[in-house]
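What follows is calculated from the coordinates using simple rules that are stated; it is not laboratory data. Worth saying up front: this structure is predicted, and the values here are computed from it rather than measured. With ideal geometry, Cβ positions are generated from the backbone for all residues, glycine too; neighbour counts draw on all protein chains shown.
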Amino acid sequence: MRSEFYKIKSIANIPKRYTVFCLVEDEYSDAADSGWVYMLALIDGEGERDDYIALYGIDQFGGGDVEAADRLVKLKYCSKCGKQMGMKYKVGIDPVEYFCECKDIPRDY
């Protein structure tokens, strides 16, 4: 979905303790590795539908895109060792799978 078809009312930073997973060739990966900067955008429904919030990706050249396939994912920290947990997100499968090097599985998700 290209942003030129949308009117963006406002944008905001991705909340702390969240990251964006982007879809690359049928597999999700952390967007921090993609070179894109992601924000949340309030999209104007222009009277035809309700306004809604979408992920808005900005590339290194300043071009933007409303990212329908990308996902906002909560960062989790291991209750045993305190390190940030790794994540796996597969197309069509919810929720995100969390894992830790120490093999502890958190109980809060």
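For the reader, a short list of remarks on this structure follows.
- A Förster radius of 22 Å combined with the Cβ-Cβ distance from Asp51 to Lys74 puts the calculated FRET efficiency at roughly 0.40.
- Dividing the convex hull volume of the alpha-carbon atoms in the chain by its residue count gives 128 Å³ per residue.
- Lysines with Cα under 23 Å of Lys83, excluding same-chain neighbours fewer than 8 positions away: Lys16, Lys74, Lys103
- The range 78-83 - phi-based ³J(HN,Hα) in whole Hz, Karplus 6.51/-1.76/1.60, Gly and Pro as x: 5, 6, 8, 9, x, 7
- Residue-wise HN-Hα couplings along the range 55-66, as the Karplus relation 6.51 cos²θ - 1.76 cosθ + 1.60 with θ = phi - 60° gives them from phi, are 6, 10, x, 10, 7, 5, 9, x, x, x, 8, 7 Hz; Gly and Pro carry x.
- Our summary gives the chain a relative contact order of 24 percent, counting only alpha carbon pairs under 8 angstrom and 6 or more residues apart.
- Placed amide H near Lys76: partners under 5 Å, 5+ positions off or other chain: Met85
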